[in-house]
Each structure stands twice: as C-alpha cells, then as structure tokens.
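Let me begin by handing over the structure; questions about it come next.
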Amino acid sequence: MEVRSRDLDFGVRNGELGMGKNAIGRQMPDLLIEGGVAITMVNGEAPIPKARVLVSNGRIIGIGKVEEVRIPLDGQFEIIDAHDAIIMPGLINVHTHAAMTLFRGMADDLPLKQWLLKKIFPAEAKFLTPETVYWGALLGCLEMIASGTTCFADGYFFQDQTIRAAHAAGLRGLIAQGVIDFPAPGIPDPRENIRIAKEFIERWLGFSDRVIPGIFCHSPLTCSGQTLRNAWEISKEHQLPLQIHLSETVEEVNEIIKRYGTRPVPYLDRLGLVDGSLIAAHGVHLDSSEMARLKEKGAKIAHVPESNMKLGSGVAEISQMIEIGLTVGLGTDGCSSNNNLDLFCEMDTATKLAKVFDRNPMSLNAGVTLRMATVGGAAVLGLEKEIGTLEQGKRADIIVVDLKSPHLCPVYDPVSALVYSANGGDVKDVIVNGRVLMKDKEFMTVDADEVMGKVREISQRIGGAGSR
Ligand SMILES: [Zn+2]
C-alpha cells in the first residue's frame, strides 16, 4: 500500500530545521536532486538555473535555486546529480497498450482494418495469456522508464497482469480492463465483458493510489450502445475515467453514421457518455461541432500522432482542439502501431505534424507541446492536483535529462532542446512517487535482461506460428 495524501502533512512551516522558504521544514528529505536547470511546467514560471529539489515521503517538499533551498546538515538522503542536465516532471502517456510490445514490428505497413482484423486480433487470441501479458507489459514499463515516462493510461486484456507489472516497475498508471463485444483474451463469452471489468475494478480499487484501475471500451463500433452505457455506469459508480478509441478512421465515422444516423460524438452523447470522465483516443476525424461538444462537456483527448500516421488514419486537428480549450494529452498508442513508447519522439512528431498540417511553422510550439506531455496529460487523467508539474506538495514524479551529448549542444532554450533535439535515450534518472526507478541509466526495480529474454522467447513462439 502507498501512503495516501491524507496521511501526510504539507503545512508550510518556514524556517523549521533551518531549511528556508522553499522547503517544508518539518519533514526531513529522503532524496535530493540538484545541479541542473529545472523546468517546473508551472504556468508562467521561468526555468530555474542550478536548481535543487527536495523530496520526502514521495512528495516534493522544496524546489528552487540551490542557495534558496537549504538542506539539513545532519540529513541522510539519496542524491541524484543533475549537473549538465534538465530536471523536469516525468512525461505522461495518456494512451497505450503496454503489453503490445509483444507485437512490436510484427505487422507493419498495413491499413487499420487489415492490421487489426487480419494480424492483431488473431495474434492476441492465440498468444495472449496472463503470462505473456505480464512480460509484455513489464517490457513496456521498462521502455517507458528508460525514456522518461512516469505515468501511463493503459487499456488491454488480462489487466491484472499489467497492474502487477506497473507495481513491479514502480510506475504510476490508470490501467483499464478492455471491453469489446467479441470473444477476447480472457473473455471467451463477450456477454461477460462488463462483469469481468466490474470485478477487475472492484479487485484493484483502493489497492494503491499509484496504480488506479479503469475501464476501456474498444470503440463505438466494436461495443454496442448497451455495452457502452453499462461501462459508463461502472465508471460513474467508482468515479473513474472511461477510455475509448474514437473517430480514428474515415471508415469508422462512415460506419457509425450508417448504423446510428449520426456522427460518433453525437452518438456517444445520445448514450450519455460525453462528459468529464471520457478520455477519447485518436479523435482524428472530429468535425468542429464535435470538438465543441467535447469541450463543452469537459471530455478529454488523447492525441496519438505517430500511430495515426503509421496506420495512415489521418491527422487530428490538434491546433484547433487546443485553440478551443479542449484538454489534450499525448500518447504513443500500442507498440504495434508506433513502434515505440518514447514520448520525446512523440513530442517531436506532434509539433512537426501540426506545423505541416496547418502549413504554419508557429503551430504547436515547443512550450505547448511539452505542456501537452506533462500538465495536459495530468489533466486528461484527472491527476492535475498530484502530478504534471514540479511544485511543492506534488508527487515526486521527476526525470533528469542528460545534456552531455553532441545532439544537445549547445542549449539556448531548454524547452526547445527537450522537444526538438532530445530523445528518450537522453533520460538518465527517473523518480516516481519519490522512488528512484532508474539511476544513471541503470534500472533499479526490474531485471531488464530477464524481461527482454522472456519477451524474446514469447516472440519466437509468435513468429514461429507464422503470424507475419
Ligand atoms: Zn489504442
């Protein structure tokens, strides 16, 4: 069990223990990060040069310039050296299917329908078991840690295993049980899909406040109106977000119009699903009135540009969404349609794709894009009070990006360097809830060789069955 926020006292007591105005004096730090430039992502706050961050009991208790944030002389704490580096909030992946690392590179260069029906669904039916999902999800967690993601929203099957993997790795997440009206891995009878999702949520709710269970409807085409409504009721009952794939392709939109006589957003609206708990992934083919309705009802968008590009689905009109004030976060989607979980690469793609789509080099600038991957992601998941920025009282989900590489020299603007020049491989330290998951590029929670070995073994079974 994690320590819950109500158990902690965050009252500021300036000066106690001689720790200065930017630290909570009563608490002794257990982790110190210092030396680099801190990008806090707090609105309007400039980068802090030669920064120091103090962490205690999973929370940030002090942040500022080294000379402003004093530390107790007799304290014993772990130190992360961030000289020649950027200290920033961990990135938040708002849409993925972590265990799909198992199918990375197995079915490339295909349109969505063919990719899904001819390759992915059959491979999932044949090869997904609790064991394979565990190792695939753990590999996903490792990859996310390695590339600076500290929190992820996941939707898949056998999700007890993804929760186990997130716990083993130490990541934060919203991990949702998949619901689809076909026989699916772990759900041979689709009439059981809602019951299984409900039991999954009840099993894990309250187990940890770092890993939250949820419900993920595959799409408005693969779930009936009744299934969608039942899923919504469960999400409402437990005040959890409801994830769904929405308006990914033109074909999907046309099919919904044919079946239900209206476009996807009005259709979901009719069912009562469009509200502040809805997280809609893709949103490639939303018209202006659909975007306006999502904004009006407080629904959230998971923007997954690389997956949309790889499957040739189209370009989500992200500039317009941001302009009207929709809450947007960034995701990678699963590894089979990306083919990695690197949010630094996703930021680079997102901004350049928006520029080329809008034919405007000022579209989705570096600052807006970085917000989407941090603050925006936190808001999409309803966790904005806990994560997404570096500030006193927030959870210590922090990454350190090493700048000692040729492609990061020189740095005029750290935000520009992070979005346009860096990649996930530049991340050297990762902290979640105050726990160090990667230090100097060394994984601290999981045996990476063992995980990769297991996934290679599984991939031989998949490849050997002639899935390609
Ligand atoms: Zn997806």
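The values are calculated or read from the model by the stated rules, or taken from the named source; none is laboratory data. Values in this document were obtained by computation on a predicted structure and should not be read as measured data. Methodologically, a virtual Cβ is constructed for each residue, glycine included, from the backbone with ideal geometry; neighbour enumeration extends over all protein chains shown. Side chains are part of the model used for accessible areas, which takes the heavy atoms of the whole protein and leaves out ligands, DNA and RNA. Shrake-Rupley method; radii C 1.70, N 1.55, O 1.52, S 1.80 Å.
So if the hydrodynamic radius of region 91-379 is defined as the Kirkwood radius over C-alpha pairs, what does Stokes-Einstein give as its diffusion coefficient at 25 °C and 0.890 mPa s, in µm² per second?
My calculation gives 132 µm²/s for D.
Positive end of the dipole of the chain, charges at C-beta (+1 Lys, Arg; -1 Asp, Glu), about the Cα centre: which of 326, 408, 182 has its Cα farthest in that direction?
In the chain, that residue is 182.
Once ligands and nucleic acids are excluded and a 1.4 Å probe is used, how much of residue 30 is accessible, expressed in Å² to the nearest 10?
Result for residue 30: roughly 70 Å² accessible.
With a cut-off of at most 13 other beta carbons within 10 Å, and DSSP calling the residue loop, which GluC sites (Glu not before Pro) in region 378-468 qualify? Please list them.
391
Just how much of residue 441 is accessible, in Å², when a 1.4 Å probe is used and the result is rounded to the nearest 10?
Roughly 100 Å² of residue 441 is accessible to a 1.4 Å probe.
Another question, if that's okay. How much accessible area does residue 267 have with a 1.4 Å probe, in Å² rounded to the nearest 10?
About 10 Å², ignoring ligands and nucleic acids.
Also, I was wondering about something else. With point charges of +1 on the Cβ of Lys and Arg and -1 on the Cβ of Asp and Glu, referenced to the Cα centre of the chain, which listed residue (276, 434, 337) lies farthest in the positive direction of the dipole?
Sorting the options by dipole projection puts first 276.
In what order, largest first, do 150, 262 sit by accessible area if the probe radius is 1.4 Å?
Final ranking, largest accessible area leading: 262, 150.
Using a probe of 1.4 angstrom, how much of the accessible area of region 126-165 is carbon and sulfur, in percent?
The computed percentage sits at 63.
Which listed residue (103, 292, 166) has the Cα farthest towards the positive end of the charge dipole for region 91-379, taking +1 on Lys and Arg C-beta and -1 on Asp and Glu C-beta about the Cα centre?
Comparing the listed Cα positions along the dipole, 292 ranks first.
Moving on to the next point. Taking a cut-off of 28 Å between Cα atoms, list the lysines near residue 65, but don't count ones fewer than 8 places away on the same chain.
List returned: 21, 50, 385, 394, 404, 428, 439, 441.
Let me ask another. Which percent, nearest 5, of DSSP beta bridges in the chain are antiparallel?
So the antiparallel bridges in the chain amount to around 40 percent.
I've got another one for you. Order the following by accessible area, largest value first: 452, 100. Probe radius 1.4 Å; ligands, DNA and RNA are ignored.
If we order 452, 100 from most to least accessible, we get 452, 100.
For the chain, what is the charge dipole size about the Cα centre, in debye to the nearest 20, if Lys and Arg each add +1 at the Cβ and Asp and Glu each add -1 at the Cβ?
Charge dipole of the chain: 640 debye, to the nearest 20.
Under 26 Å Cα to Cα from residue 198, which lysines show up? Leave out anything in the same chain fewer than 8 places away.
Hits, sequence-local ones excluded: 126, 236, 297, 300.
What accessible area per residue comes out for the chain, rounded to a whole number of Å², with a 1.4 Å probe?
Accessible area per residue, the chain: 39 Å².
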